[in-house]
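Trainee: Here you go, one structure.
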Amino acid sequence: MKKTLIALLLLAVGRMKKTDSGTRTAALTVTNNSVDSVGSTISLGTSFAYFTQVQETDPNTGIPWTNSGFNTAQVGVKTVS
């Protein structure tokens, strides 16, 4: 018997830089049903750079993504400092 494995994960990608002097940090976020998952803190430089966050589980349920949860997810950026 042939079995098929289907896995969903969400890959958040951000392209960011700082525009002022001093230190600036940020984090990518994944939100579903008002529940946030905040990624690792990223130190921003003065040139644009890409950053990624892999989210294997739905922050709202704590279990792997379902189609409906994946379709309602929102990705964003949070200023940490």
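The values are calculated or read from the model by the stated rules, or taken from the named source; none is laboratory data. Keep in mind that this is a model prediction, so the values were computed, not measured. Every residue, glycine as well, gets a Cβ built from its backbone with ideal geometry; the counts of neighbours run over all protein chains shown.
Trainee: Just checking, how many residues over the range 35-68 are within 14 Å of the chain's Cα centre (by Cα), of a type outside the set (A, V, I, L, M, F, W, C) and either surrounded by 10 or more Cβ atoms within 10 Å (Cβ to Cβ) or part of a loop (DSSP other than H, G, I, E, B) (or both)?
Mentor: 13
Trainee: State which residue pairs qualify: first residue polar (S, T, N, Q) and inside the range 66-81, second residue modelled with pLDDT of 95 or more and not in a loop (DSSP other than H, G, I, E, B) in any location, beta carbons under 8 Å apart, and separation of 6 or more residues or different chains.
Mentor: THR72/ASN32; GLN74/VAL30; GLN74/THR31; GLN74/ASN32; THR79/THR25; THR79/ALA26; SER81/THR25
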